[in-house]
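The values are calculated or read from the model by the stated rules, or taken from the named source; none is laboratory data. Keep in mind that this is a model prediction, so the values were computed, not measured. Ideal geometry is used to build each Cβ from the backbone, glycine not excepted, and the neighbour counts take in all protein chains shown.
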Amino acid sequence: MEKINILGLGPGNKKYILPITKECIKKSEILIGGRRNIESLGTLAEGKELRYIDRYLDQLSLYMKENRDRRISLIVSGDSGFYSMVPFMKKHFEIKELNIIPGISSMQYMFSAVGYSYEDTFIGSVHGRNCDYLTPVKEGKKAGLLTDNKTTPQVIAQNLLENQIRGTIFVGERLSYDDERITTMSLEEMADLKIIFDINVVIVIPDTPS
């Protein structure tokens, strides 16, 4: 029986899809993923049976179990091990049934783009969830955050300022694409900025105490 592939597509641009990921996609009979991710594959998805991820995840797991004799690849954005579908899949399948291939995460890409390493960084997500990024930043750690349209870069900056934290904030939009935009400014400037950012990744570099 074939293993189910869980494939990280990287930050977005097809140039960042790993060769082994392309190989798995080409050999697959069924591709499962978000509509935007599947459509981004272009000709790689031609001739495949396509199934789009929706809110009915229990039906999705049943569909995969009914097709276990076929080559299935679950496509996820970024890195398969970074806020992806792996926890869900492990609830429904044994780990020995899964072939997990990592991708370049948007966070990895963003840190490289702004010229910082991230081994001493707090990494989290405020995308539809609560996340205590204040404590590690107070301790002097950098922070990398996935955001949403509620906890925006401006909200993050304001929260940090209210906790007497000063520093620099980077906001990355459309990472890896030709129209990529990275905005850099102080937390004070960001808190007062009156623009709406596209889907983005935020990095905070706190000022070092003098």
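Applying the set (1) closer than 24 Å to Lys15 by Cβ; (2) β-branched (Val, Ile, Thr); (3) at pLDDT below 95; (4) touching a helix residue (DSSP H, G or I) at 6+ places or on another chain (Cβ under 8 Å) to Ile203 leaves exactly one unmet item: (3).
Would region 105-119 turn up any residue that is under 29 Å from Cys24 (Cα atoms) and either β-branched (Val, Ile, Thr) or touching a helix residue (DSSP H, G or I) at 6+ places or on another chain (Cβ under 7 Å) (or both)? Within region 105-119, not a single residue is under 29 Å from Cys24 (Cα atoms) and either β-branched (Val, Ile, Thr) or touching a helix residue (DSSP H, G or I) at 6+ places or on another chain (Cβ under 7 Å) (or both).
Mind counting the residues in region 27-55 that are within 22 Å of Ile95 (Cβ to Cβ) and under 15 Å from the mean Cα position of the chain (by Cα)? Final tally of qualifying residues: 1. Scanning region 60-92 for residues being closer than 10 Å to Ile30 by Cα, polar (S, T, N, Q) and part of a helix (DSSP H, G or I) gives a total of 0. If you scan region 102-161, which residues turn out to be in contact (Cβ under 8 Å) with a residue 60 or more places away in the chain, aromatic (Phe, Trp, Tyr) and out of contact with any Pro (no Cβ under 6 Å at 6 or more places or on another chain)? Answer for region 102-161, where residues must be in contact (Cβ under 8 Å) with a residue 60 or more places away in the chain, aromatic (Phe, Trp, Tyr) and out of contact with any Pro (no Cβ under 6 Å at 6 or more places or on another chain): Phe111, Tyr116, Tyr133.
Scanning region 14-26 for any residue that is under 23 Å from Leu57 (Cβ atoms), within 15 Å of the chain's Cα centre (by Cα) and either assigned by TED's automatic domain parsing to the domain that holds Arg181 or in contact (Cβ under 8 Å) with a residue 24 or more places away in the chain (or both) turns up nothing.
Return the residue satisfying two criteria in turn: it lies in region 56-101 and is of a type in the set (Ser, Thr, Tyr) and under 10 Å from Ile6 (Cβ atoms), and of such residues it is farthest from the chain's Cα centre (by Cα). Of everything passing the filter in region 56-101, Ser73 is farthest from the chain's Cα centre (by Cα). Scanning region 51-99 for residues that are of a type in the set (Val, Ile, Thr) and exposed (fewer than 12 other Cβ atoms within 10 Å of the Cβ) yields one hit, Ile95. Selection over region 7-43 of residues that are modelled with pLDDT of 95 or more, part of a loop (DSSP other than H, G, I, E, B) and of a type in the set (Gly, Ala, Ser) gives a count of 1.
Of the residues that make up region 139-153, is at least one β-branched (Val, Ile, Thr), outside the structural domain of Pro11 (by TED's automatic domain parsing), at pLDDT 95 or above and not in a loop (DSSP other than H, G, I, E, B)? The answer is no; no qualifying residue exists. If you scan region 178-195, which residues turn out to be assigned to a loop (DSSP other than H, G, I, E, B) and under 20 Å from the mean Cα position of the chain (by Cα)? Scanning region 178-195 gives Asp178, Asp179, Glu180.
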